[in-house]
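Heads up, the thing below is written out as structure tokens.
The values are calculated or read from the model by the stated rules, or taken from the named source; none is laboratory data. Just so it is clear, the structure is predicted and the values come from calculations on it, not from any experiment. Every residue, glycine as well, gets a Cβ built from its backbone with ideal geometry; the counts of neighbours run over all protein chains shown. Please note that ligands, DNA and RNA were not included when accessible areas were found on the heavy atoms of the full protein model with its side chains. Shrake-Rupley method; radii C 1.70, N 1.55, O 1.52, S 1.80 Å.
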Protein chains: 2
Amino acid sequence: MKKQISPFSVANWRRRLRVALGEEPADLVLVDGTIVDVLAGDTYVADVAIADGVIAGVGQYAEGHVSIDLAGRWLAPSFIDAHVHTESALVWVPEFARAVVPHGTGAIVTDPHEIANIAGLPGLEVMREAARGLPMGIFFTIPSCVPASAWESPGANFGVAEIAAMAVWPECVGLGELMSFPDVLAGHDGIAAKLSESQGMRRDGHAPGLRGPALQAYVGSGPGSDHEATTYDEALEKLRAGQMVMIREGSSARNLEALLPLVTDATYPRCCFCSDDRDVHALLHVGHMDHTLRLAIELGLDPVRAIRMATWTPADYWRLEGWGAVAPGFQANLVVLDDLRSVQVGMTMYQGQVVAEAGMIVPGAMPAELPAPAGLLNSVHMAPLMLRNLRLDPANARQAVGAIPGEIATRWLQVEPEIRGDEAVASVPRDLLKLVCVERHHATGRVGVGYVQGFGLQRGALASSIAHDAHNIVAVGADDADILRAIAMVAENQGGLAAVADGEILAHMALPIAGILSDLPLAETAAAYERLEDAARVLGSRLPSPFGLLAFMALSVIPEARVTDKGFVTV
Amino acid sequence: MKKQISPFSVANWRRRLRVALGEEPADLVLVDGTIVDVLAGDTYVADVAIADGVIAGVGQYAEGHVSIDLAGRWLAPSFIDAHVHTESALVWVPEFARAVVPHGTGAIVTDPHEIANIAGLPGLEVMREAARGLPMGIFFTIPSCVPASAWESPGANFGVAEIAAMAVWPECVGLGELMSFPDVLAGHDGIAAKLSESQGMRRDGHAPGLRGPALQAYVGSGPGSDHEATTYDEALEKLRAGQMVMIREGSSARNLEALLPLVTDATYPRCCFCSDDRDVHALLHVGHMDHTLRLAIELGLDPVRAIRMATWTPADYWRLEGWGAVAPGFQANLVVLDDLRSVQVGMTMYQGQVVAEAGMIVPGAMPAELPAPAGLLNSVHMAPLMLRNLRLDPANARQAVGAIPGEIATRWLQVEPEIRGDEAVASVPRDLLKLVCVERHHATGRVGVGYVQGFGLQRGALASSIAHDAHNIVAVGADDADILRAIAMVAENQGGLAAVADGEILAHMALPIAGILSDLPLAETAAAYERLEDAARVLGSRLPSPFGLLAFMALSVIPEARVTDKGFVTV
């Protein structure tokens, strides 16, 4: 028997039959709402009878144990984010749910790539546990590219055995974004093993800019979807090649406006929406899929079609049977819209319960006790770090990572080192700072040091244990002692961010969950993060998001240059 | 690991990569065809490179080991029949394939309901064996309603154990048409067990005319598709309720014209085509899915959209991964159309091989040796039948089955019996004939006898071992001796049809495979069948298809009256 999201209950089925047939009152009847019918692509007025969290019937139904009058309002399936990393929001899974559910989100498909890098399968089990009992569906894809490369040292590896172990989770919907497309094109053994193990599963792609014969080779290897297209032509080519195009509108990458012209009468069934990431600011002030829908409708997309692309289409693609439509047998995961075109979410229902109203989680909708993520705490294991570990050999200092504001790509620069004594040091006037990456998972004592240009610090240092993908501790600074102090602060917090100048901590925040997530509520997390960004600006940085950029300085799979714990790396 | 239609081969994958990248010649390159892109919903000109039976790339490719110039012609995925009973064609599976492949059919999803009634799971294993190596994909749904009712005596039962055994076949795509909707609505134990066993599978529906609350209750129980809608309103209601609407255009039921208005920009992703049945005449003279497409296009449907509904949509619905599109990684199951709008099939390819050209199967495309269906031969096991077994008690003769030309429904008639001595006999002037059903699977000796009106025979008798759903031997006649003779002829042939008058066989044909299928080629089967229909007309029948109607006279699940081996039954 196949794994089931919602196992079949004979008793519930029989009750649902009686409710559908009008022989027994429903738990809840939603009266006279205008159904957003994402299957027929239109709207119509009807009652919805709900029994045991599932829609028993849509039509004309007598009062239920509870009835809600929806006359003049719209009733749609709650929204589904087809691909998102919750880690990007800096908050833990329950807090993420608390933030997005009032925006009408009923499910996400998340790729727990960051947690997998830090804590492997045991870490994902903690995340899975945290997702239970929340007022939304949390589905997982299996991290497919951990470690990101041989040049990084994550906390854990995620191989074929881990894929097999995770595949049997009912909440697991497929293999996650297959980022290592060069390995795919080269036919690597590791990829072969993962493709073999993931047969019959959905497999998510991730191939920014890939076109032509390479795209044919890549897509023909299995990835059935892609969220990395940024231009119309690229997206159309991927759609033609057989991929579900996930149009991404996130906090970092915003592709909706460029890709919306792709969505026509002929292509819309093969397009859906995803966010990929939502930062704390967006969750606090902007919204989630509701925001994407609002934008899409403003840009001219029919509202029912837009909602289809954030409900039925991702549910159908990910084979979330019984999710994403207002129809009998479907989960009663619904949103009430006070206005259709502006996607004003008045109420969110999950499994037949009202879980958010007027922008707020309803009391009791969240589990009374959230499990402590014990298995993800105390994740920083760093060998003692001394000033001498930060020494940069002049022989290795004729190159620098060229950071580009607002991009995760970097340039590989040739530079003249600033020599003091027998070592290369930072030069503030030339914006040549030191970039340090300290292995922090297994206390190996490995430290990589190099130059970086583009941060613009006039003094002090910044450090972060958010450092894609291996999430070691990365720091940038004008002064070795400040770098050391900032790293020490992050380590002391068991992960986090710190800004230091002249030996003083200007700002810091703890990210004690896996070293990358806050254990605080969203608003406090956002405030702490803003204090850190402000501190970085005080130190002289003119970047829009200095910590955001710092987090990518050790990512060894995006061109052109990085510093990892293994040293200066060119890609 | 999940069952796989096409298991992953690392060597083939690596070769496909090299071919896609242009590093190695393809086995076959289709040059300059106009691709019918069912994913993007349009057409474009490109080359298709094929390696090991799979599409490696679509784009610009150098010559392959073989190249075919398709300039000015269209290249589409080969057609998929979303639901068909091959048994309706009276020919065995390989002969069915031989007939439909030249019409561009690349796959069928067949519900082997008839064979299951006669020979159970072992019979289906024989059918599965026969399907192997044929130049098209043959996928199975699991018969869900065997026996059709407690009033019939099929050769075998098909319960939860059989469902479980068949579910693991890679060729098995789901649970077959759930016809017993009254049992579903009543929440029967047997249905509960089958729904439980079929969790996570696709489940095909079958609920003619079901609407309103009953439809909500039925669809909410699981059936995700339906091919029984005959009106626009019914089809729209089913689509809204969450069902994939399979628009049926068969030999018996033709719903295309009535349902095509349902197919709009908003609904087409939830509509596809199926035939349900194709009789010998249609296979010989009309075609298969190509014919349905031609009709749909003539009725105004966009050709690319029409083809989508006979390729991608059914493949996606049935989760035939890698079927139904011209894209990398897809099976090279293709049709070349000499003309798009008239769906002129010039060539059919299966797994990269040309298997039909100019309306004919290519030599070598069929397996050199077809396995004999030994397990389905000698299926008639009838107890000795005497004239006295055909006696009709006057007490049971105040009612008759009222046959309706061209319909499978009947009327329950009250009649005055024609009494001779102590028994009720046929009355030709009143068109009151005897209808007999003889149990033939387990030699139980059970015989049902009743009156029937509507066949119009002036003399003689007709007998058939095609008798839905249990496929006992059914006969109609004006004379008991002729009825006995006709049944004896059918039994002697180990199944078949016979027409008898005055003790003489006017025509007969053997259907030795399970007692319902010919072992002859299509044309000979068609000719024999026509001789029988002609003979029935000689006997006085004015029906359009007397044997066609006779085959439904023992079907105990369609209103209003029948004669089964258990006697006169009202529904």
- Task: Place the label 7 angstrom along Cα→C-beta at A:N12 and in each other copy, then list the distances from the first to the rest in nm, shortest first.
- Result: 3.9
- Task: Mind grabbing the interface size between A and B? I mean buried accessible area, both sides, 1.4 Å probe, in Å² to the nearest hundred.
- Result: 5400 Å²
- Send over a whole-number figure in Å² for the accessible area per residue of region A:280-322, probe 1.4 Å. 28 Å²
- Task: Starting from region B:277-380, pick out the GluC sites (Glu not before Pro) whose DSSP state is loop and whose Cβ has at most 12 other Cβ atoms within 10 Å.
- Result: B:E369
- Amide H proximity to A:E249 below 5 Å, modelled H, separation 5+ or other chain, gives A:N255, A:C274, A:S275
- Message: If you fit an axis through the alpha-carbon atoms of helix A:10-20 and take the longest principal axis of the Cα set of chain A, what angle between them do you get, 0 to 90°, nearest 10?
- Response: 60 degrees
- Note on the structure: Interchain or sequence-distant (5+) residues whose placed amide H lies within less than 5 Å of the amide H of B:F568 are B:V449
- Note on the structure: Taking the square root of 5λ for each eigenvalue of the C-alpha gyration tensor of the protein assembly as shown, the equivalent ellipsoid has semi-axes, largest first and in whole angstrom, of 65, 32, 23
- Its Cα gyration tensor gives region B:451-501 an equivalent ellipsoid whose semi-axes in whole Å, largest first, are 17, 13, 7
- Item | Lysine pairs meeting the criterion (Cα under 21 Å, 8 or more apart or interchain), as found in the protein assembly as shown | 14
- Excluding ligands, DNA and RNA, the carbon-plus-sulfur percentage of the accessible area of region A:77-153 with a 1.4 Å probe reads 58 percent
- In nm, what does the list of distances from A:R531 to its counterparts in the other copies look like, shortest first, when each label sits 7 Å along Cα to Cβ? 9.8
- Item | C-alpha center-to-center spacing [region B:271-293, region A:47-111] in angstrom | 43 Å
- Give the peptides A:460-468, A:381-389, A:510-518 in descending order of average Cβ contacts within 10 Å, highest first. A:460-468, A:510-518, A:381-389
- Query: Are there chymotrypsin sites (Phe, Trp or Tyr not before Pro) in region A:134-187 that DSSP puts in a loop and that have at most 13 other Cβ atoms within 10 Å, and which ones?
  - Reply: none
- Task: Quick one: work out Rg over Rh on the C-alpha atoms of region B:6-148, Rh as Kirkwood radius.
- Result: 1.08
- Output row for A:N157: copy-to-copy label distances, label 7 Å along Cα→C-beta, ascending, in nanometres, one decimal, is 5.3
- Phi-based couplings in Hz for region A:345-355 (Karplus 6.51, -1.76, 1.60; Gly and Pro marked x): 7, x, 7, 10, 10, 10, 6, x, 10, 6, 10
- Task: For region B:139-263, report the accessible area per residue in Å² (1.4 Å probe, heavy atoms, rounded to an integer).
- Result: 29 Å²
- Task: Using only Cα atoms, tell me the angle between helix B:113-131 and the longest principal axis of chain B; keep it within 0 to 90° and round to the nearest 10.
- Result: 30 degrees
- Item | Counted charge near B:G287, where neighbours are those whose Cβ lies closer than 13 Å (Asp, Glu -1; Lys, Arg +1) | -2
- Query: Relative to the isolated chain, which residues of region A:204-244 have their accessible area cut by 20 Å² or more in the presence of all protein chains (1.4 Å probe, heavy atoms, no ligands or nucleic acids)?
  - Reply: A:P213, A:Q216, A:A217, A:G220, A:S221, A:L239, A:R240, A:A241, A:G242
- Message: I'd like the orientation of helix B:289-298 relative to chain B: the angle between its Cα long axis and the longest Cα principal axis, in ° from 0 to 90, rounded to 10.
- Response: 80 degrees
- Query: Rounded to a whole number, what % of the accessible area of region B:184-277 do carbon and sulfur atoms account for, probe 1.4 Å?
  - Reply: 48 percent
- Message: Show me, for region A:42-53, the HN-Hα J-couplings you get by feeding each phi into the Karplus relation (A = 6.51, B = -1.76, C = 1.60, θ = phi - 60°), rounded to Hz, glycine and proline as x.
- Response: 8, 10, 7, 8, 6, 8, 10, 9, 10, 9, 6, x
- Item | Estimated vicinal HN-Hα couplings, Hz - region A:214-224 in sequence order (Karplus 6.51, -1.76, 1.60; Gly, Pro = x) | 5, 5, 4, 5, 5, 5, x, 7, x, x, x
- Query: Which values of log₁₀ I(q)/I(0), to two decimal places, follow from the Debye formula for chain B at q = 0.08, 0.11 Å⁻¹ with a uniform point scatterer at every Cα?
  - Reply: -0.55, -0.99
- Task: Determine the distance separating the Cα centre of region A:380-433 from the Cα centre of region A:333-368; give it in Å without decimals.
- Result: 50 Å
- Message: Rounded to the nearest percent, how much of the accessible area of region A:425-571 (1.4 Å probe, protein heavy atoms only) is carbon and sulfur?
- Response: 52 percent
- Query: Name the trypsin sites (Lys or Arg not before Pro) in region B:495-556 that are in a loop by DSSP and that have at most 12 other C-beta atoms within 10 Å, would you?
  - Reply: B:R542
- Message: If amide hydrogens are placed 1.01 Å from N in the peptide plane, which non-local residues have theirs closer than 5 Å to the one on A:L90?
- Response: none
- accessible surface per residue for region A:438-571, probe 1.4 Å, DNA/RNA/ligands not counted, whole Å² -> 31 Å²
